[in-house]
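Data first, discussion second: the structure below is written as structure tokens.
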Amino acid sequence: MNLDSKVPSGPLEEKWSNHLNDIKLVAPNNKRKHNVIVVGTGLAGGSAAASLAELGYNVTSFCIQDSARRAHSIAAQGGINAAKNYPNDGDSIWRLFYDTLKGGDYRSRESNTYRLAQISNEIIDQAVAQGVPFAREYGGLLANRSFGGAQVSRTFYARGQTGQQLLLGAYQAMMRQIHEGKIDYHPRQEMLDLVTIDGKARGVITRDLVSGEIKRWIADAVVLATGGYGNVFYLSTNAKNSNVTAAWRCHKRGAAFANPCYVQIHPTCIPVSGDYQSKLTLMSESLRNDGRVWVPKKKGDERPPNQIPEDERYYYLEEKYPSFGNLVPRDVASRNAKIVCDDGMGVGPTGRAVYLDFRDAIKRDGKKTIEEKYGNLFEMYENITGDNPYEVPMRIFPAVHYTMGGLWVDYNLMSSIPGLFVAGEANFSDHGANRLGASALMQGLSDGYFIIPYTIGNYLANNEIASTDTKHDAFNEAAQNAQGHIDKLLNVKGDKSVVEYHRELGQIMWDKVGIARNEEGLKKAIKQIRELREDFWQNVRVPGEAANYNKYLEFAGRVADFLELGELMAEDALHRDESAGCHLREEHQTEEGEALRNDEEFSYVAAWEFKGLNGQLEEELHKENLEFEFVELKQRSYK
């Protein structure tokens, strides 16, 4: 496997512009001769489809939902980063780049991260032109607020609905092209396999989720924008439809899977309330601008929070990290919440929660100001918990949120399979071992609006795409493979539900591949996942039929893939014998409980190549060494 990152030479600030000057273009009259498949209609997929169609390509778009407006991108609440420096507080492209690289604990590709910071300003201009209703200051400039991992205010927002508003911008751009006839749009389709011909990605196999029909689709290139794999943990902040199937099937066709163990645990989520809960709800990180995080100093203190005096409160983030306080990065905040709860200072019925308190902010700025900033978030919290956060502190606890790992891509966002491009959270991204808050929207839109449209053109101009059709042997084999997988699931006829297996897998993952990992636990996890997977294929019960609408069958296919991915995640975490960002190996931490990297041995991207599945997952490790020309590697500190 060739892991050539194709990073351009030259100064960091000029790599992307020089690359744009050097790449080959497809002439307007030739663009209409090319067909491109885009799988996924969230921020990355929607913006990519709209941009490619606007340029003149023929685009076929697939949406797993009944509407692209339901993409999980709408769940992003707090904002999107950009280095506009409107508050005049010292921000710059370099500072955004450095904060992102440092936030990822120096485990991301330097050139990609800098490009992300560069493009950030263009994204804001694009969104404003589309009519995205960002909050504004009195003078008319767009407003900014702070997020974790930064000492400047660079996050643009639309109350607590930023993801939804940005998605509507991409959606309306996409719908315009659908009405123009440049996008052939197919909702309620799930990608089940990738088709490669002569080593190049040439199409996909999908299942119509209403009729159950297996369909074949051909193109000159494929863009995968299907999001992350956080639902492997069962309980996460992800929508229930979010899954790894499309990416995992591409992996089994030869696309390298990079850094699967890098999973972000978000510190600000509503805690688990019962054994049969199906998902968790995120409270935006923006709340940590004004909310203060604390626990009672006295272990097992069951007094209502408003009865606990100031000198008996432990504001642990403010005390441990005076420079950043409550705005430390997500991995740091999550680990510290776990530490105080493990020490017996947790609150709530389960003891697995901490307080996020707005008392002082309301006293300082007034209830009306806080309501204008966070009103819909406060309403959502009260609807779910029954508590009014204007009067009592929120209870929060970390939960699985975002995955930094994903399919390996080069500088052009092309995977190890030529012609297969991967955008947004589905690729191993620009975030290293931990994503800074308000950067998910930034990456999805930079990939879709400003990178993929250029780099796909370069690929098409440099490669001869052979003429073929969906009757090719490769399409026959892939369609049979997809149907065979479905038949196998339906023919087990066991007595245990899909949900039971998913919940058991999630518990293994959370306990042993969660906020903290160790060698013994990871080895146990691998063994338990293999046993659970074997039991799944002997005892799972998938009712219904293949040739109609069948949610049980949908979820069974996804859980089957999670049962394979989970083993690779544990294997990746076991092999990475260091701590980095969200990946905390308990054997490698400072005296203060911070992640302790090993740059001499692990300064690389771990890219896994699928070799087979025979009782256990067979994967070969490839390494892309990370070279830092412009930034000095340091032990990360937010004190």
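The values are calculated or read from the model by the stated rules, or taken from the named source; none is laboratory data. All values reported here derive from a predicted model rather than from experimental measurement. In this analysis, Cβ positions are derived from the backbone assuming ideal geometry, glycine residues included, and neighbour counts consider all displayed protein chains. Note: areas computed on protein heavy atoms with side chains; ligands, DNA, RNA excluded. Shrake-Rupley method; radii C 1.70, N 1.55, O 1.52, S 1.80 Å.
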For the range 338-360, give me the residue count where each residue is part of a helix (DSSP H, G or I) and closer than 25 Å to SER273 by Cα.
6
Answer yes or no: is there a residue in the range 410-424 that is in contact (Cβ under 8 Å) with a residue 60 or more places away in the chain and under 12 Å from the mean Cα position of the chain (by Cα).
yes
Mind listing whichever residues of the range 221-245 are open to solvent by 10 Å² or more (accessible area, probe 1.4 Å) and under 23 Å from THR60 (Cβ atoms)?
ALA225, THR226, GLY227, ASN241, SER242, ASN243
Does GLU531 satisfy the condition of being under 26 Å from the mean Cα position of the chain (by Cα) and open to solvent by 70 Å² or more (accessible area, probe 1.4 Å)?
no
For ALA606, only one of the following conditions fails: (1) more than 23 Å from SER334 (Cα to Cα); (2) open to solvent by 10 Å² or more (accessible area, probe 1.4 Å); (3) of a type outside the set (Phe, Trp, Tyr). What is its number?
(2)
Residue pairs qualifying under the 9 Å Cβ cut-off, at least six apart or on distinct chains, with the first in the range 168-181 being within 17 Å of ALA158 (Cα to Cα) and the second being crowded, with 20+ Cβ neighbours inside 10 Å and of a type in the set (Lys, Arg), are none
For PHE630, are the conditions met, namely being touching a strand residue (DSSP E or B) at 6+ places or on another chain (Cβ under 8 Å), outside any helix (DSSP H, G or I) and open to solvent by 40 Å² or more (accessible area, probe 1.4 Å)?
no
Which of the residues spanning the range 112-128 are within 13 Å of GLN165 (Cα to Cα) and of a type in the set (Gly, Ala, Ser)?
ALA127
Counting only residues that are of a type in the set (S, T, N, Q), touching a His at 6+ places or on another chain (Cβ under 9 Å) and crowded, with 22+ Cβ neighbours inside 10 Å, give me the strands (runs of 3 or more DSSP E) lying completely in the range 179-218 with at least 1 of them.
200-208
With the condition kept exactly as written, say whether any residue in the range 321-335 is assigned to a helix (DSSP H, G or I) and open to solvent by 60 Å² or more (accessible area, probe 1.4 Å).
no
Taking the range 512-521 and keeping residues touching a strand residue (DSSP E or B) at 6+ places or on another chain (Cβ under 9 Å) and part of a helix (DSSP H, G or I) leaves GLU519
Kindly indicate whether GLU578 is under 30 Å from GLY432 (Cβ atoms) and open to solvent by less than 10 Å² (accessible area, probe 1.4 Å).
yes
Tally up the residues in the range 581-603 that are part of a strand (DSSP E or B) and open to solvent by 30 Å² or more (accessible area, probe 1.4 Å), please.
1
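Here's the yes/no breakdown for (1) more than 24 Å from THR385 (Cα to Cα); (2) modelled with pLDDT under 95; (3) β-branched (Val, Ile, Thr):
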| site | (1), (2), (3) |
| --- | --- |
| ARG207 | yes, no, no |
| VAL222 | yes, no, yes |
| ALA225 | yes, no, no |
| SER242 | yes, no, no |
| ARG249 | yes, no, no |
| TYR262 | yes, no, no |
| SER278 | no, yes, no |
Residues located in the range 39-70, provided they are in a strand (DSSP E or B) and surrounded by fewer than 24 Cβ atoms within 10 Å (Cβ to Cβ):
ASN58, THR60
Residues located in the range 348-375, provided they are more than 18 Å from ALA143 (Cα to Cα) and of a type outside the set (D, E, K, R):
GLY348, PRO349, THR350, GLY351, ALA353, VAL354, TYR355, LEU356, PHE358, ALA361, ILE362, GLY366
Can you work out which of the residues in the range 71-116 that are hydrophobic (A, V, I, L, M, F, W, C) and over 17 Å from ALA438 (Cβ atoms) is surrounded by the fewest Cβ atoms within 10 Å (Cβ to Cβ)?
TRP94
Only listed residue being of a type outside the set (A, V, I, L, M), in contact with a helix residue (DSSP H, G or I) (Cβ under 8 Å, 6 or more places away or on another chain) and touching a residue at least 60 places away in the same chain (Cβ under 8 Å), chosen from GLY90, GLY131, GLY149, GLY103:
GLY149
Can you name the residue in the range 289-307 that is under 24 Å from PHE324 (Cα atoms) and either modelled with pLDDT under 95 or among the acidic types (Asp, Glu) (or both) and is also surrounded by the most Cβ atoms within 10 Å (Cβ to Cβ) among such residues?
ASP290
Looking at the structure I just gave you, is GLY139 touching a Pro at 6+ places or on another chain (Cβ under 6 Å) and at pLDDT below 95?
no
Please find, within the range 165-177, the residue that is surrounded by the fewest Cβ atoms within 10 Å (Cβ to Cβ) out of those that are of a type in the set (A, V, I, L, M, F, W, C) and closer than 13 Å to ALA48 by Cα.
MET175
Have a look at HIS472, HIS401 and point out the one that is at pLDDT 95 or above, of a type outside the set (A, V, I, L, M, F, W, C), open to solvent by 10 Å² or more (accessible area, probe 1.4 Å) and under 30 Å from the mean Cα position of the chain (by Cα).
HIS401
In the range 361-400, which residues are in contact with a helix residue (DSSP H, G or I) (Cβ under 8 Å, 6 or more places away or on another chain), among the aliphatic types (A, V, I, L, M) and not in a loop (DSSP other than H, G, I, E, B)?
ALA361, ILE362, ILE370, LEU377, MET394, ILE396, VAL400
From ASN548, ASN539, which residue is open to solvent by 10 Å² or more (accessible area, probe 1.4 Å), within 30 Å of LEU490 (Cβ to Cβ) and touching a strand residue (DSSP E or B) at 6+ places or on another chain (Cβ under 8 Å)?
ASN539
Of everything in the range 117-128, what is of a type in the set (A, V, I, L, M), in contact (Cβ under 8 Å) with a residue 24 or more places away in the chain and touching a strand residue (DSSP E or B) at 6+ places or on another chain (Cβ under 9 Å)? Give them in sequence order.
ALA117, ILE123, ILE124, ALA127
